[in-house]
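The values are calculated or read from the model by the stated rules, or taken from the named source; none is laboratory data. The model shown is predicted, which means the values in this text are computed figures rather than measured ones. For neighbour counting, all protein chains shown are included, and Cβ atoms are generated from backbone atoms with ideal geometry for every residue, glycine included. Each accessible area value is taken on the protein alone, full model and side chains, heavy atoms only, with ligands, DNA and RNA left out. Shrake-Rupley method; radii C 1.70, N 1.55, O 1.52, S 1.80 Å.
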Amino acid sequence: MKLSRVLWCGLTLGSVGLVGCGSLGSAPAPMAGDLLSAPATLNLGGQVLRLTAAPQVRRELDRLSVRVTVEASAPAARRLALPALKVMGVYVVTASGLWQSPRLNDVSTARNCLASVCAWGSGDAGDLTAGDDVRVIAQLRDASGRTYWLRDARSRSIVAQPLIR
């Protein structure tokens, strides 16, 4: 009898605690440490994919833009058809924190995109300046809705974007 009362109290208190938790409407934002542990290569469909990033800052507009390119490492003659991938997010890990691109443009169909996937992420530069070393990570999604994370294998220095006149 005493055991059943203890069990009942434990279950009641546990369920009250779970009711207070609720549910998340979406996945929580990734943290810098999680992003830095993303793989630098991704094997999809028998091909090894790599990410290359080019971060630029335009100081007069206080804007950071990051171009990401996902390419297969196999020579063009041996390339298999890659699953359709789309860049869903661009993240930049800096010495002072994490920057996430609020704007994203998929430019994979552009003539100057010779890779499998090309995208631009842009937004307010905040305290980022030319010469800062950063790590760039992209969130990818395939046609089946699976999410992948891919990190540029090298740290990159932010370059100053030249003025267009």
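Hey, what's segment 32-158 come to in accessible area per residue, 1.4 Å probe, Å²?
Result: 52 Å² of accessible area for each residue.
Can you list residues from other chains, or at least 5 along the same chain, whose modelled amide H is less than 5 Å from the amide H of Gln161?
Val57, Arg58, Arg59
For segment 107-122, what does the Karplus curve 6.51 cos²θ - 1.76 cosθ + 1.60, with θ = phi - 60°, yield as ³J(HN,Hα) per residue in whole Hz, taken in order and with x for Gly and Pro?
With coefficients 6.51, -1.76 and 1.60, one gets 10, 4, 8, 5, 5, 7, 9, 8, 9, 6, 9, 10, 8, 10, x, 8 Hz.
In square nanometres, what is the average projected area of the Cα convex hull of segment 32-158?
Taking a quarter of the hull surface, the average projection is 7.9 nm².
What number comes out for the charge environment of Ser157, summing +1 per Lys or Arg and -1 per Asp or Glu over other residues with Cβ under 13 Å away?
Charge balance near Ser157 sits at 0.
Pop out the carbon and sulfur fraction of the accessible area of segment 32-158 as a percent, whole number, probe 1.4 Å.
49
Between beta-carbons, use under 15 Å as the cut-off and find the net charge around Val93, counting Lys and Arg +1, Asp and Glu -1.
Neighbour charge sum, excluding Val93 itself: -1.
Order the peptides 35-45, 63-73 from the highest to the lowest mean number of other Cβ atoms within 10 Å of their residues.
The packing order, highest mean first, is 63-73, 35-45.
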